[in-house]
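Take a look at the structure below.
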Amino acid sequence: MCGIVGYVGERQARPIIIKGLHRLEYRGYDSAGVALVGKGGQIDLYKCKGKVDDLEHFLEGKDTTSTIGIGHTRWATHGEPNDANAHPHFSQSGRLALIHNGIIENFRVLKDALISHGFSFRSSTDSEVLVNLIEYIQDTNECTLEEAVRIALQQVVGAYAIAVIERGNARRIIAARQSSPMAIGIGEGEYFLSSDAASIIDYTQEFVYLNDGEVAVIEKGKPLQIKNLFGEASKVDIQKLEMSISQLEKGGYPHFMLKEIHEQPDTIVDCIRGRVNPETREIILSGVLDNKDKFLKAGRIIFVACGTSWHASLIGEHLIENLCRIPVEVEYASEFRYRNPIIRPDDVVIAVSQSGETADTLAAIEIAKRCGAFVYGICNVIGSSIARATDSGTYIHVGPEIGVASTKAFTGQVTVMAMLALVIGKLRGTIDMDYYHQVAGALLELPETIRKALESAPAVEKLASIFTYAHNFIYLGRGYNYPTALEGALKLKEISYIHAEGLPAAEMKHGPIALIDAEMPTVVIATLDHTYEKTVSNIEEIKARGGKIIAVISEGDTQLRKRADFCLEVPSTAECLMPIVSIIPLQLLAYYIATNKGRNVDQPRNLAKSVTVE
Ligand code: M6R
């Protein structure tokens with residue numbers, strides 16, 4: 001969950017690394033550091049607790065002249081966030097410096113062995129164990145750094161993306177990956193290295209994505225070499241990444257999260273572009289059409305995902321069961337992977353992930369593949385590990401999501417799921433074609449519908465100021481909007497740190513209604529759908545117990561206007577697309593409450609954007 005950047009070439013390494021680290025801060029932000037090979041061949045290492053800004057202050061006035069270096073922004077796994085545990089880590093002699101993203105699961109055994117060989121440690125990290133293991137192997141085998149890295153990694157159990165530099169060598173970085181992303185940017189006589197290609201898009205659009213078990217020798221003036229852990233050469237596959245720098249900036253908004261909320265009309269345009277034909281209202285998803293037989297004979301669909309992607313998958317379950325009549329299960333990837341799940345060869349497993357790097361989701365994919373299931377991916381990040389590990393898939397194309405709280409990825413995921421359900425439903429003949437074209441039409445209108453929903457922003461901001469100091473919230477919804485309630489509650493808790501619970505509205509009377517009093521606001525998604533009247537009854541039950549209701553209602557709904565304490569209106573769309581619209585005021589509500597409380601909404605405490613550890 002950390003961010004890695006590296007550079008070797010003719011330019012000064014420090015500004016490139018610092019800029020890249022700023023862009024990677026979404027991956028972790030509790031400490032940061034940089035190591036450079038200085039003029040005399042020595043390694044200069046600077047690191048400190050705090051954000052990349054703190055590192056920049058720390059570097060002020062230091063002579064950092066160097067054309068090679070590695071940098072890191074950390075999300076702590078082993079050892080508290082402090083200066084000593086920050087990366088890079090020196091080996092015992094100071095000859096090597098290493099940065100690491102991931103977890104070395106057998107670090108204790110390796111550490112004990114190294115201690116018995118006279119090594120001592122400055123930090124409590126697993127990463128320092130790895131750099132010392134590499135040094136020990138290099139010394140005892142009298143081999144090159146590249147060989148020592150390969151031999152060391154053969155002994156490592158766990159996940160890693162690493163980069164290592166060596167004293168006296170200002171031309172070469174050794175990098176490797178296992179279950180943590182690593183992209184190598186190819187420039188003119190220079191190389192870049194990053195956990196996320198987007199962070200170095202200013203310098204190059206050509207990237208090589210390392211595969212699991214690969215080690216790269218990145219040497220100025222020489223062609224890139226990639227080998228497996230046993231020294232056999234792998235193919236160097238250069239891919240182009242088309243992305244504009246403006247996508248990585250805040251564009252005048254105070255936070256990435258607010259920018260990303262407001263981007264949603266445009267991101268949905270990108271998501272449906274070339275997929276929904278505006279003339280014929282036909283939908284084309286090549287990932288499905290190229291694998292027709294898998295979807296035609298699918299006995300079951302299993303979604304695996306985490307967090308917001310799991311909430312989107314719950315909506316996918318409704319869509320596919322309704323429109324395709326295929327039984328669907330939605331699994332937390334973290335539970336699925338350790339549950340000895342029953343997977344049949346005619347199952348289609350759909351892995352959903354914004355980052356495409358979530359460790360639990362990746363592990364679930366491996367299990368599904370081992371059992372012979374066809375695995376389909378719904379990802380945002382192009383070329384990500386999950387995108388590459390799946391048999392086929394659909395990108396949501398919503399552009400880089402930098403705010404830790406997922407917003408535009410959620411609406412993109414649900415949009416893709418709706419298209420998926422329509423395409424599969426048509427293939428299997430389970431969907432009424434008039435309805436198909438009606439929903440396709442609603443998809444085409446979605447950007448405008450979302451734009452209208454965003455007009456509620458000033459009203460939401462006002463409402464947020466009333467509820468900023470509430471200690472708990474309940475979020476309720478039914479049908480397609482039950483997952484929306486879960487997602488609204490997750491948004492609020494992760495960025496405001498207020499406890500919030502999402503529930504199916506009818507479950508209240510089975511226990512949670514005991515929580516209701518005047519201090520407990522309940523947010524209810526009560527738009528005009530086939531459960532509307534039932535939801536109104538649930539609202540009455542809460543009101544009768546003195547609860548305060550904030551209702552998300554359909555435009556023009558006069559009934560709930562009179563009954564709820566506060567209303568947020570959203571425009572209508574097809575019922576199955578409604579979560580894409582009704583989540584908008586809930587994203588805004590969480591945002592404004594969190595900013596009123598002075599929270600760092602883009603980088604909330606204890607969190608990181610991509611969870612590449614278990
Ligand atoms: O990148 P992924 O979609 O696989 O990430 C899954 C979750 O970690 C993620 O959705 C998380 O819950 C977000 N912070 C929610 O806003």
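The values are calculated or read from the model by the stated rules, or taken from the named source; none is laboratory data. Here the structure is a predicted model, which means the values were calculated and not measured. Cβ placement follows ideal geometry from the backbone for every residue including glycine, while neighbour counts extend to all protein chains displayed. Protein only, heavy atoms only, side chains kept; ligands, DNA and RNA dropped before computing areas. Shrake-Rupley method; radii C 1.70, N 1.55, O 1.52, S 1.80 Å.
When the residues of segment 56-80 are filtered to those that are among the acidic types (Asp, Glu) and assigned to a loop (DSSP other than H, G, I, E, B), the one that is nearest to the chain's Cα centre (by Cα) is GLU80. Scanning segment 39-55 for residues that are in contact (Cβ under 8 Å) with a residue 24 or more places away in the chain and either touching a Pro at 6+ places or on another chain (Cβ under 9 Å) or assigned to a strand (DSSP E or B) (or both) turns up ILE43, LEU45, LYS47, CYS48, LYS49.
Counted as qualifying within segment 220-318 are the helices (runs of 4 or more DSSP H) with 3 or more residues that are of a type in the set (D, E, K, R), namely 292-296. Filtered by the rule that a residue be assigned to a loop (DSSP other than H, G, I, E, B) and near the ligand (Cβ under 9 Å from one of its atoms), segment 354-378 gives GLN354, SER355, GLY356, GLU357, THR358.
The single condition among (1) assigned to a helix (DSSP H, G or I); (2) within 16 Å of the ligand (Cβ to nearest atom); (3) at pLDDT below 95 that MET417 does not satisfy is (3).
Filtering segment 508-540 to residues that are within 34 Å of the chain's Cα centre (by Cα) and closer than 15 Å to ASN481 by Cα leaves THR522, VAL523, VAL524, ILE525, ALA526, THR527, LEU528, ASP529, HIS530, THR531, TYR532, THR535. Can you spot a residue in segment 140-152 that is in a helix (DSSP H, G or I), farther than 21 Å from ILE226 by Cα and in the same structural domain as ASN101 (by TED's automatic domain parsing)? Looking for residues that are in a helix (DSSP H, G or I), farther than 21 Å from ILE226 by Cα and in the same structural domain as ASN101 (by TED's automatic domain parsing), one finds at least one in segment 140-152, hence yes.
Can you name the residue in segment 363-393 that is surrounded by fewer than 24 Cβ atoms within 10 Å (Cβ to Cβ) and under 13 Å from the mean Cα position of the chain (by Cα) and is also modelled with the highest pLDDT among such residues? Among those that are surrounded by fewer than 24 Cβ atoms within 10 Å (Cβ to Cβ) and under 13 Å from the mean Cα position of the chain (by Cα), it is ALA387.
Residues are listed down the side, and each one gets a yes or a no for (1) at pLDDT below 95; (2) in contact with a Cys (Cβ under 7 Å, 6 or more places away or on another chain); (3) within 29 Å of ARG478 (Cβ to Cβ):
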site: TYR253; (1), (2), (3): yes, no, no
site: LYS297; (1), (2), (3): no, no, no
site: ARG300; (1), (2), (3): no, no, yes
site: SER309; (1), (2), (3): no, no, yes
site: SER313; (1), (2), (3): no, no, yes
site: ILE320; (1), (2), (3): no, no, yes
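If you go through segment 319-353 and pick out every residue that is assigned to a loop (DSSP other than H, G, I, E, B) and without any contact (Cβ under 8 Å) to a residue 40 or more places away in the chain, you end up with 8.
Checked across segment 395-414, the condition of being in contact with a strand residue (DSSP E or B) (Cβ under 7 Å, 6 or more places away or on another chain) and assigned to a loop (DSSP other than H, G, I, E, B) holds for at least one residue.
All of (1) over 17 Å from THR308 (Cβ atoms); (2) among the β-branched types (Val, Ile, Thr); (3) part of a helix (DSSP H, G or I) hold for ILE495 with one exception: (1).
Residue count for segment 171-181 under the criterion of being at pLDDT 95 or above and either buried (at least 20 other Cβ atoms within 10 Å of the Cβ) or not in a loop (DSSP other than H, G, I, E, B) (or both): the result is 6.
Of the residues making up segment 528-580, those that are touching a Ser or Thr at 6+ places or on another chain (Cβ under 6 Å) and open to solvent by 60 Å² or more (accessible area, probe 1.4 Å) are LEU528, SER572. Restricting attention to segment 81-127, the residues that are assigned to a loop (DSSP other than H, G, I, E, B) and of a type in the set (D, E, K, R) add up to 4. The set of residues in segment 94-131 being polar (S, T, N, Q), farther than 18 Å from VAL34 by Cα and in contact (Cβ under 8 Å) with a residue 12 or more places away in the chain consists of ASN106, SER120, SER124.
Residues satisfying the criterion are absent from segment 582-593 (criterion: open to solvent by 10 Å² or more (accessible area, probe 1.4 Å), in a loop (DSSP other than H, G, I, E, B), assigned by TED's automatic domain parsing to the domain that holds HIS499 and out of contact with any Gly (no Cβ under 6 Å at 6 or more places or on another chain)).
Residue-by-condition table, conditions (1) surrounded by fewer than 22 Cβ atoms within 10 Å (Cβ to Cβ); (2) farther than 18 Å from ASN85 by Cβ:
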{"site": "VAL109", "(1), (2)": "yes, yes"}
{"site": "LEU114", "(1), (2)": "yes, no"}
{"site": "HIS117", "(1), (2)": "yes, yes"}
{"site": "ASP126", "(1), (2)": "no, no"}
{"site": "VAL131", "(1), (2)": "no, no"}
{"site": "ILE137", "(1), (2)": "yes, yes"}
{"site": "THR140", "(1), (2)": "yes, yes"}
{"site": "LEU145", "(1), (2)": "yes, yes"}
{"site": "GLY168", "(1), (2)": "yes, yes"}
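When restricted to residues that are open to solvent by less than 10 Å² (accessible area, probe 1.4 Å) and away from the ligand (no atom under 12 Å from the Cβ), segment 304-323 contains 4.
The single condition among (1) more than 11 Å from the ligand (Cβ to nearest atom); (2) in contact with a Pro (Cβ under 7 Å, 6 or more places away or on another chain); (3) of a type in the set (Gly, Ala, Ser) that SER384 does not satisfy is (1).
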